[in-house]
Amino acid sequence: MEYHRDLDEIDRTISRMLSLVEETISAASAAFLGAEDEAERAVAAGARETEALHRSVETLVPTLLIRLAPEAGELRFLLAALRIAPEAEMTAALAANLARRGAMHIGDELPARVRGLVAKLFAQSSTMWRRAGDAFLDRDPTMYAALEREDEDIDELHASLMAELVSCDLRPPILMEMALVARFLERLGDHAVEVGRWIETFASAVERVPSPWRARADDAL
């Protein structure tokens, strides 16, 4: 049925968005800390694709809601998709902002302790987004609580980074940029938690298989 094929398309689109965010965060780390031009280009491309996929979700989901009457579990899925997509796009945009600062060679001026904390924040955020992507594929509502706990680690790393920035001797322009960088890094985790929350809202209502409506769609062919 066309309806179920559309649901599957949304399913694949959201999954792709979550995977892209993880990839862009990892590439943004290389771009920021290593001033790697190729990594910066990869982040920019990932952010553009995420934006395009978000527009696709915003077009397709309301069409299904208006044209048809989804079942309860499918309705929750569609509403969650509308909430997850912008979280992914905003996170990819944050990663692009971080990557662009790599061209300023800010990372070259950072003390080892600060660089280490920045690297940990990137790595933890990337891990959180990978877990969010896995939770979406597995329809796992329990990941929300785990993501909240991991975000507490992000908050602690952010606090440690801010303390280091206050105590170290950085040029004022670099210090101002790093205050923004620290905030952006902290937000990467916040968005992952929000994605986990929306996964929880629909995952608890459907069977834990990659696409609960796919079997019915295949039977109808």
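Per-residue answers, yes or no, for (1) of a type in the set (S, T, N, Q); (2) at pLDDT below 95:
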position	(1), (2)
117	no, no
125	yes, no
129	no, no
132	no, no
170	no, yes
175	no, yes
Extreme residue, farthest from residue 10 (Cα to Cα), among residues of segment 182-221 that are β-branched (Val, Ile, Thr) and modelled with pLDDT of 50 or more
193
Top-ranked residue of segment 4-18 - restricted to ones that are crowded, with 16+ Cβ neighbours inside 10 Å and farther than 22 Å from residue 129 by Cβ, ranked as modelled with the highest pLDDT:
7
Unmet requirement for residue 137, which otherwise passes all of (1) in a helix (DSSP H, G or I); (2) exposed (fewer than 14 other Cβ atoms within 10 Å of the Cβ):
(2)
Among the residues that make up segment 140-148, is at least one of them part of a helix (DSSP H, G or I) and within 29 Å of residue 35 (Cβ to Cβ)?
no
Is it the case, given these coordinates, that residue 171 is surrounded by 14 or more Cβ atoms within 10 Å (Cβ to Cβ) and farther than 22 Å from residue 18 by Cβ?
no
Residue 45 modelled with pLDDT under 95, surrounded by fewer than 17 Cβ atoms within 10 Å (Cβ to Cβ) and more than 13 Å from the chain's Cα centre (by Cα):
no
Which one of these does residue 114 not meet: (1) out of contact with any Cys (no Cβ under 7 Å at 6 or more places or on another chain); (2) touching a residue at least 60 places away in the same chain (Cβ under 8 Å)?
(1)
If I filter segment 62-81 for residues that are surrounded by 15 or more Cβ atoms within 10 Å (Cβ to Cβ) and either within 15 Å of the chain's Cα centre (by Cα) or under 30 Å from residue 176 (Cα atoms) (or both), do I get at least one hit?
yes
Sort through 96, 80 and tell me the only one that's under 18 Å from residue 187 (Cβ atoms) and not in a loop (DSSP other than H, G, I, E, B).
96
Is it the case that residue 100 is among the basic types (Lys, Arg) and within 17 Å of the chain's Cα centre (by Cα)?
no
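The values are calculated or read from the model by the stated rules, or taken from the named source; none is laboratory data. Just so it is clear, the model here is predicted, and its values are computed rather than measured. When we count neighbours, we look across all protein chains shown, and the Cβ atoms used for this are built from the backbone with ideal geometry, even at glycine.
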